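Peer 1: If you scroll down you'll find the structure; I have some questions about it.
The values are calculated or read from the model by the stated rules, or taken from the named source; none is laboratory data. In this text, all values refer to a predicted model and were calculated from it rather than measured experimentally. All Cβ positions, even for glycine, are placed from backbone atoms using ideal geometry, and neighbour counts span all protein chains on display. The accessibility values were calculated without ligands, DNA or RNA, using every heavy atom of the protein model including side chains. Shrake-Rupley method; radii C 1.70, N 1.55, O 1.52, S 1.80 Å.
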Amino acid sequence: MARAGLEGGQYQPLTQAQIEDIHAASLKVLAETGVHVENERALALYRAGGAQVDGSRVLISAAMVEAALASTPARVLLAGRDPQQDVVLEGRRVYAGTGGSPTMVLDPGADTLRPATLRDVADMARLADALAHCDFVVVPIHPTDVPEADVPVNRFYACLSNTTKHVMGGVGSVEGARAVIEAAEMVVGGPDALRARPIVSAITSWMVSPLHLDTGVTDILLTWCEQGLPVALSSAPMAGSTSPVTLAGTLVQLNAEQLSGVVLTQLVRPGTPVLAGYIPGVADMRTGGYLGGAIEFGMMQAAAAQMAHFYCVPIYGSGGMTDAKLPDAQAGYEKMATLMLAAMGGCNYIHHAFGMLTNMNAASLEQALIDNEVVGMAARVLRGVEVTEASLAAEAIARVGPGGHYLMDDHTLRFMRSEFFYPAVADRQNRATWEAQGKQDTRARAVAQVARLLERHTAPGLPQAVDEAVRHRFRIHTFDAT
Amino acid sequence: MANLMEKIASNLYDGEEDEVAELVQKALDQGMDPQDVLQDGLLAGMDEVGKDFKAGDLYVPEVLIAARAMHAGMNVLRPFLAEGGGTGMGKCVVATVEGDLHDIGKNLVKMMLEGAGFEMIDLGVDAKAETFIDAVREHRPKLVGMSALLTTTMVNMKATIEALQEAGLRDSVKVMVGGAPVTAAFAAEIGADGHAPDAASAVDLARALIA
Ligand code: B12
């Protein structure tokens, strides 16, 4: 039994006609403007696939897009070490998890950042393992205390040994990709086992918007695709600076970028399980800065999900980001808005949803706990209003009759636990009790809960023999508590 | 002709590059001192832009378009200005350091400094220490600006400063650094002369460093 993955799609900012307009405009971009490619392997693949190549400019036809979409899987399994933690991306099913590669951490209760360590990666992964609404782990942090060459395999090791949920992340380099794959093969018992149940997948930020392929990351993308493992494409333009200022214009460019990437993945290896990674950021026109918590981000994320549904390609997106510096009121409303819109848009794989602050620049444990509640509330919305014979409660209404109450009725007892979302962090007590308990705000309560949770929740670890083998094969750095 | 100067300044503010060029030509034709045209026309207009940008009334694209108009005016004016034909602000070499491809912030800083009258030499992204050294030797700038967005490439700022030192060029320039993860403390630690958290304050910083 995989994780639930509730059905989204209730919020549809685009009409069918608008979806088709964006699709047509994107095809025109691909055919007339094209993408800039310097990577030789990618150029050769595009040329062989029928693209018109003029120097480093690659023009992609509608027919190429059609052909690629025909071989792109509509359903992608991202397995957990524990099969109950599997996520199955298809249709409008929605999952949310951690993400982002900040190199800074906001310690519990602190107001200044400090450089992140491998220990922080492990702690956040263990917390993510414990959080009920966190469906997967996108490696949540980039450690600064590990030599860069060792980072990829160490980040994945720190996550895999601390969670049984699926682990996805950037792999840094082609060598990093190979190391991560080899380590994962050791964990599951060989290459075939990993292809059957991919417990790891890669994010490749191969696109430098607008429409420009990064040569190095494209190498990683091609290497990963050749291995037949799931990959998330990621392009993250900013409306107003690296994509058009209008939401529709950004969607056109982003969609063209994603289609160019999907084409490439299918040219390397038809059938490659690929997630189209639409990350529709916004530039602050007053400073040029990157905005993660803008409401338009959430709107575009839902629209992007509609495009991905139109193509029957699973979508990797973002939600629950904020530009706030602390887990404060701004963090709360920006996160709720962007997460809810992405979820109600039916975005299949929402990363950045747990523990991110200052858009993509810092991670915080207590924020992750608060975010668990935000995602839980969104999940309740997706579950919707269940209308059944029993939920209509006609009998109960008759039983209680005018002027009575439902507190002791069987119907209440039957549904009261499942019908409502019960928050763990929100305070619902009366004011007097709240005052007597020290007048703690949301953040303070979350800090206390994180400490308790991390104390209780032990790392699942890897089987001893596997752990030893991995440590023997790779330079695994220590992140044990001191 | 205070009126003409005001016209130059206000057209510059509105980003009307053709008008600015024409008006500068007109001022020169009328025999006005090129230095006055620069100070009371172009730079006065740019100052106004800077103020309103900081106040949040003007947005980045408007500032960049005003800077482009400033350029158009400078192109007309340059041959008439004394030695070097610059604004007197001097040259500034900028680049994103080795290993780093993030250039949006660096480009913004470059365009803003250009607007403030600096002559910018852009070495692009992924610039090695030697690339900086060659450029400093060739262009003799007053300022060197380095940008880094990755914690892993911030160390290359330090390496570049050390390389400038070894090449005997460190004292000939002021070094400023920036990028999201870069802090004032880090700048001090690696021996840079200054740090600015955004493009608007980068202009203030650059002015202060050459003063
Ligand atoms: C856009 C972006 C990209 C684009 C870059 C496109 C481009 N042409 O620049 C692409 C997709 C290519 C990219 C790639 C990667 N990125 Co990136 N990226 C970003 C993002 C979202 C926004 C950066 C940006 O442009 N901001 C807007 C500009 C205007 O702001 P700014 O750069 O800070 O500049 C301002 C100031 O800092 C200052 N300033 C800047 N330079 C200078 C210089 C001087 C002299 C002065 C005085 C001032 C100054 O003034 C500027 C204007 O106000 C950030 C997230 C974020 N929130 O910052 C991540 C981010 C920087 N990227 C990150 C990562 C990890 C990567 C990749 C490694 C991802 C991967 N696994 O492939 C690669 C690395 C590629 C490489 N080798 O460089 C991390 C960095 C973590 C870290 N601190 O080390 C971040 C923080 C996101 C994250 N948490 O995951 N990225």
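Peer 1: Which members of region B:52-68 meet the condition of being open to solvent by 30 Å² or more (accessible area, probe 1.4 Å), within 14 Å of another protein chain (Cβ to nearest Cβ) and either part of a helix (DSSP H, G or I) or among the charged types (D, E, K, R) (or both)?
Peer 2: If the condition is that a residue be open to solvent by 30 Å² or more (accessible area, probe 1.4 Å), within 14 Å of another protein chain (Cβ to nearest Cβ) and either part of a helix (DSSP H, G or I) or among the charged types (D, E, K, R) (or both), then B:ASP52, B:LYS54, B:ASP57, B:PRO61, B:GLU62, B:LEU64, B:ILE65 are the ones that fit.
Peer 1: Which residue, of B:VAL175, B:VAL125, is open to solvent by 40 Å² or more (accessible area, probe 1.4 Å), more than 22 Å from A:MET104 (Cβ to Cβ) and either within 15 Å of the ligand (Cβ to nearest atom) or touching a strand residue (DSSP E or B) at 6+ places or on another chain (Cβ under 8 Å) (or both)?
Peer 2: Values: B:VAL175 fails: open to solvent by 40 Å² or more (accessible area, probe 1.4 Å).
One residue alone meets the criteria, B:VAL125.
Peer 1: What tally of residues in region B:75-112 results from selecting those that are β-branched (Val, Ile, Thr), more than 9 Å from the ligand (Cβ to nearest atom) and modelled with pLDDT of 90 or more?
Peer 2: 3
Peer 1: Give region A:311-350 a look and list any residue that's farther than 12 Å from A:GLY298 by Cβ, within 16 Å of the ligand (Cβ to nearest atom) and hydroxyl-bearing (Ser, Thr, Tyr), or say none.
Peer 2: A:TYR316
Peer 1: May I pose another question? Scan region B:152-177 for residues that are over 26 Å from A:PRO115 (Cα atoms) and within 22 Å of the chain's Cα centre (by Cα) and report the count.
Peer 2: Matching residues across region B:152-177 total 7.
Peer 1: All but one of (1) within 20 Å of the chain's Cα centre (by Cα); (2) within 20 Å of B:ILE210 (Cα to Cα) hold for B:ALA180; state the number of the condition that does not hold.
Peer 2: Only one criterion is unmet by B:ALA180, namely (2).
Peer 1: Still on this structure: Criterion first (outside any loop (DSSP other than H, G, I, E, B), under 19 Å from A:VAL88 (Cα atoms), more than 16 Å from the ligand (Cβ to nearest atom) and not polar (S, T, N, Q)) does A:ALA305 satisfy it?
Peer 2: yes
Peer 1: Can you name every residue in region A:360-372 that is in a loop (DSSP other than H, G, I, E, B), within 14 Å of chain B (Cβ to nearest Cβ) and out of contact with any His (no Cβ under 9 Å at 6 or more places or on another chain)?
Peer 2: Hit for region A:360-372 is A:ASN361, nothing else.
Peer 1: Got at least one residue in region A:436-457 being within 18 Å of A:ARG126 (Cα to Cα), touching a residue at least 60 places away in the same chain (Cβ under 8 Å) and in a loop (DSSP other than H, G, I, E, B)?
Peer 2: The answer is yes; a qualifying residue exists.
Peer 1: Mind listing whichever residues of region B:135-170 are of a type in the set (A, V, I, L, M, F, W, C) and more than 9 Å from the ligand (Cβ to nearest atom)?
Peer 2: Scanning region B:135-170 gives B:ALA135, B:VAL136, B:VAL155, B:MET157, B:ALA159, B:ILE161, B:ALA163, B:LEU164, B:ALA167, B:LEU169.
Peer 1: Now, a different point. Tell me which helices (runs of 4 or more DSSP H) are completely within region A:52-160 and hold 1 or more residues being buried (at least 19 other Cβ atoms within 10 Å of the Cβ) and not assigned by TED's automatic domain parsing to the domain that holds A:THR272, or say none if there are none. Write out each step before concluding.
Peer 2: Details: elements: A:62-71, A:118-130, A:151-160.
Result: A:62-71.
Yes/no per residue for (1) open to solvent by less than 50 Å² (accessible area, probe 1.4 Å); (2) away from the ligand (no atom under 16 Å from the Cβ); (3) on the phi < 0 side of the Ramachandran plot; (4) not in a helix (DSSP H, G or I):
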{"position": "A:HIS352", "(1), (2), (3), (4)": "yes, no, no, yes"}
{"position": "A:VAL374", "(1), (2), (3), (4)": "yes, yes, yes, no"}
{"position": "A:ALA378", "(1), (2), (3), (4)": "yes, yes, yes, no"}
{"position": "A:GLU386", "(1), (2), (3), (4)": "no, yes, yes, yes"}
{"position": "A:SER391", "(1), (2), (3), (4)": "yes, yes, yes, no"}
{"position": "A:ARG417", "(1), (2), (3), (4)": "no, yes, yes, no"}
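Peer 1: So the check is Cβ under 9 Å with 6+ separation or different chains; which pairs have a first residue in region B:104-131 that's part of a strand (DSSP E or B) and a second one that's more than 13 Å from the ligand (Cβ to nearest atom) and among the basic types (Lys, Arg)?
Peer 2: Listed pairs, sorted by first residue: B:GLU119/B:LYS91; B:MET120/B:LYS91; B:ILE121/B:LYS91.
Peer 1: While we're on this one: Taking the condition in the same structural domain as B:ASP103 (by TED's automatic domain parsing), touching a Pro at 6+ places or on another chain (Cβ under 8 Å) and over 29 Å from A:ASP214 (Cα atoms), does B:VAL203 pass?
Peer 2: Values: in the same structural domain as B:ASP103 (by TED's automatic domain parsing): yes; touching a Pro at 6+ places or on another chain (Cβ under 8 Å): no; over 29 Å from A:ASP214 (Cα atoms): yes.
For B:VAL203, the condition - in the same structural domain as B:ASP103 (by TED's automatic domain parsing), touching a Pro at 6+ places or on another chain (Cβ under 8 Å) and over 29 Å from A:ASP214 (Cα atoms) - is not met.
Peer 1: Now for a separate question. Give me a count of the residues in region A:276-285 that are within 14 Å of chain B (Cβ to nearest Cβ) and either open to solvent by less than 10 Å² (accessible area, probe 1.4 Å) or touching a residue at least 60 places away in the same chain (Cβ under 8 Å) (or both).
Peer 2: 2
Peer 1: Does A:GLY292 qualify as being of a type outside the set (D, E, K, R) and within 14 Å of chain B (Cβ to nearest Cβ)? Break it down stepwise before answering.
Peer 2: Numbers: of a type outside the set (D, E, K, R): yes; within 14 Å of chain B (Cβ to nearest Cβ): yes.
Against the criterion (of a type outside the set (D, E, K, R) and within 14 Å of chain B (Cβ to nearest Cβ)), A:GLY292 qualifies.
Peer 1: Hand me the list of helices (runs of 4 or more DSSP H) wholly inside region A:163-275 holding 1 or more residues that are within 14 Å of chain B (Cβ to nearest Cβ) and either within 16 Å of the ligand (Cβ to nearest atom) or over 25 Å from A:ALA79 (Cα atoms) (or both).
Peer 2: Helices (runs of 4 or more DSSP H) meeting the threshold: A:174-188, A:215-226.
Peer 1: Filter region A:393-415 down to the residues that are exposed (fewer than 13 other Cβ atoms within 10 Å of the Cβ) and over 41 Å from the mean Cα position of the chain (by Cα) and list them by number.
Peer 2: Hits for region A:393-415 are A:ALA394, A:ALA398, A:GLY401, A:PRO402, A:GLY403, A:GLY404, A:HIS405, A:MET408.
Peer 1: Now, a different point. Determine the pairs where a residue that is over 28 Å from A:GLU389 (Cα atoms), located within region A:405-433, has a partner that is among the β-branched types (Val, Ile, Thr) with Cβ atoms under 6 Å apart, the partner being 6 or more residues away or on another chain.
Peer 2: A:VAL425/A:ILE370
Peer 1: Follow-up question, since we're still on this one. Exactly one of these conditions fails for B:ILE210: (1) within 22 Å of the chain's Cα centre (by Cα); (2) at pLDDT 95 or above; (3) open to solvent by 20 Å² or more (accessible area, probe 1.4 Å). Give me its number.
Peer 2: Among (1) within 22 Å of the chain's Cα centre (by Cα); (2) at pLDDT 95 or above; (3) open to solvent by 20 Å² or more (accessible area, probe 1.4 Å), the lone unmet condition for B:ILE210 is (2).
Peer 1: Do we find that A:ARG195 is farther than 25 Å from B:VAL125 by Cβ, of a type in the set (Lys, Arg), surrounded by fewer than 23 Cβ atoms within 10 Å (Cβ to Cβ) and touching a residue at least 40 places away in the same chain (Cβ under 8 Å) in this structure?
Peer 2: When the stated conditions are applied, A:ARG195 does not pass them.
Peer 1: Follow-up question, since we're still on this one. Which of (1) at pLDDT 95 or above; (2) over 19 Å from A:ILE370 (Cβ atoms) is the odd one out, the single condition A:TRP434 does not satisfy?
Peer 2: Status for A:TRP434: all satisfied but (2).
Peer 1: So which residues in region B:10-41 are within 23 Å of A:THR287 (Cα to Cα) and aliphatic (A, V, I, L, M)?
Peer 2: The answer is B:LEU12, and nothing else.
Peer 1: Are any residues in region A:295-340 small (Gly, Ala, Ser) and buried (at least 24 other Cβ atoms within 10 Å of the Cβ), and if so, which ones?
Peer 2: A:GLY298, A:ALA302, A:ALA303, A:ALA304, A:ALA305, A:ALA308, A:GLY317, A:SER318, A:GLY319, A:GLY320, A:ALA331
Peer 1: Output the residue which, of all residues in region B:69-122 that are closer than 27 Å to A:SER209 by Cα and basic (Lys, Arg), is most open to solvent (accessible area, probe 1.4 Å).
Peer 2: B:LYS110
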